[in-house]
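Student: Structure provided below as structure tokens; questions to follow.
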Amino acid sequence: MEKRYLGVLIPYLSWTAILTGAENHSSLGDFLENWAHLSVYADNYYMYYILVTMQLYLIFPLIVWLFKRFLSYHHMIVVISAVVQLGMLVFIKYQLPNIDTSGWPYLLKNYGFNVFVYQFYFIMGGYAAIHYQEFVAFIRKWHIWFGISSLVFACGTVLLYFYNVHVLNLTLNKAEELLISQ
């Protein structure tokens with residue numbers, strides 16, 4: 001795990017320094033304060049992707065353990081993960097904006113920076129890696145239906161947009177977001 005962190009952490013800290021250096025600073029102290037903030041919170045320049053990747057490195061052994069421990073239940077793991085993902089999506093979009101999160105820890109309040117918001121994608125990636133041949137055969141067998149369902153969901157997204165704007169009275173920006181951020 002240390003190798004993975006060094007391989008990501010050194011470029012991450014270097015890029016945060018470069019990006020911070022591109023801004024105007026009144027002093028070295030101001031630069032270091034901004035650099036430390038961006039390094040810890042990754043809240044600018046899409047650096048949160050790397051923060052989430054580093055969190056994944058922490059939970060990756062747990063994902064491996066889960067698949068090894070429950071060898072006969074890989075399909076069930078994916079189904080449970082999908083249900084949890086959909087539940088989180090609905091909660092974050094429709095309930096969380098009505099909750100005062102000001103006292104919440106950073107990674108819960110800024111859920112887009114939290115690896116657990118992306119858990120289904122990591123679980124599905126693990127499943128696809130373990131069951132690669134079966135996964136590819138499934139995709140090839142059902143590719144037409146995946147295409148059709150993609151079109152249906154695309155139309156559903158337009159309907160969801162109108163629901164968000166005309167029923168929930170969300171702003172244009174909030175209606176276009178998959179997840180509403182605080």
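Student: Consider Leu6 carefully, then state whether it is open to solvent by less than 80 Å² (accessible area, probe 1.4 Å) and either under 18 Å from Phe122 (Cα atoms) or not polar (S, T, N, Q) (or both).
Tutor: no
Student: List, please: which pairs have Cβ atoms under 6 Å, are six or more places apart or on different chains, and start with a residue in segment 159-177 that is within 17 Å of Ile92 (Cα to Cα) and end with one that is open to solvent by less than 100 Å² (accessible area, probe 1.4 Å) and part of a loop (DSSP other than H, G, I, E, B)?
Tutor: Asn164/Leu170; Lys174/Ile180
Student: Which of the residues belonging to segment 35-66 are over 12 Å from the mean Cα position of the chain (by Cα), aliphatic (A, V, I, L, M), buried (at least 16 other Cβ atoms within 10 Å of the Cβ) and more than 11 Å from Tyr12 (Cα to Cα)?
Tutor: Ile63, Leu66
Student: I need the full set of residues from segment 67-90 which are within 15 Å of the chain's Cα centre (by Cα) and not small (Gly, Ala, Ser), in order please. I'd like the intermediate steps shown before the answer.
Tutor: Filtering segment 67-90 for residues within 15 Å of the chain's Cα centre (by Cα) gives 81-82, 84-90.
Within segment 67-90, Val84, Gln85, Leu86, Met88, Leu89, Val90 meet the criteria.
Student: A follow-up question, please. Of everything in segment 67-81, what is open to solvent by 30 Å² or more (accessible area, probe 1.4 Å) and in a helix (DSSP H, G or I)? Give them in sequence order.
Tutor: Once the filter is applied, which keeps residues that are open to solvent by 30 Å² or more (accessible area, probe 1.4 Å) and in a helix (DSSP H, G or I), segment 67-81 yields Lys68, Arg69, Leu71, Ser72, Tyr73, His75, Met76, Val79, Ile80.
Student: I need the full set of residues from segment 94-111 which are open to solvent by 60 Å² or more (accessible area, probe 1.4 Å), of a type in the set (Ser, Thr, Tyr) and assigned to a loop (DSSP other than H, G, I, E, B), in order please.
Tutor: Ser102 - this is the single residue of segment 94-111 that is open to solvent by 60 Å² or more (accessible area, probe 1.4 Å), of a type in the set (Ser, Thr, Tyr) and assigned to a loop (DSSP other than H, G, I, E, B).
Residues checked against (1) open to solvent by less than 40 Å² (accessible area, probe 1.4 Å); (2) of a type in the set (A, V, I, L, M):
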| position | (1), (2) |
| --- | --- |
| Phe113 | yes, no |
| Tyr118 | no, no |
| Phe122 | no, no |
| Ile130 | no, yes |
| Phe146 | no, no |
| Asn164 | yes, no |
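Student: Among the listed residues Phe120, Phe91, identify the single one that is in a helix (DSSP H, G or I) and closer than 30 Å to Tyr5 by Cα.
Tutor: Within the list Phe120, Phe91, the selection yields Phe120.
Student: Inside segment 108-124, can you point out the residues that are in contact with a helix residue (DSSP H, G or I) (Cβ under 9 Å, 6 or more places away or on another chain) and not polar (S, T, N, Q)?
Tutor: If the condition is that a residue be in contact with a helix residue (DSSP H, G or I) (Cβ under 9 Å, 6 or more places away or on another chain) and not polar (S, T, N, Q), then Tyr111, Gly112, Phe113, Val115, Phe116, Val117, Tyr118, Phe120, Tyr121, Phe122, Ile123, Met124 are the ones that fit.
Student: Would you check which residues across segment 33-66 are free of Cβ contacts under 8 Å to residues at least 60 places away in the same chain, part of a helix (DSSP H, G or I) and over 17 Å from Tyr118 (Cα atoms) and list them?
Tutor: Listed by number, the residues that qualify are Glu33, Asn34, Trp35, Ala36, His37, Leu38, Ser39, Val40, Trp65.
Student: Restricting the first residue to segment 1-22 and requiring it to be in contact (Cβ under 8 Å) with a residue 60 or more places away in the chain, which pairs with a second residue that is assigned to a helix (DSSP H, G or I) and open to solvent by 50 Å² or more (accessible area, probe 1.4 Å) meet a Cβ separation below 9 Å and a spacing of at least six or different chains?
Tutor: Final answer for the pair search is Met1/Leu58; Met1/Phe60; Met1/Pro61.
The values are calculated or read from the model by the stated rules, or taken from the named source; none is laboratory data. This structure is a prediction, so every number in the text was calculated from the model and none was measured. Heads up, the Cβs are rebuilt from the backbone with ideal geometry, glycines too, and the neighbour counts pull from every protein chain shown. With ligands, DNA and RNA removed, areas are computed over all heavy atoms of the protein, side chains included. Shrake-Rupley method; radii C 1.70, N 1.55, O 1.52, S 1.80 Å.
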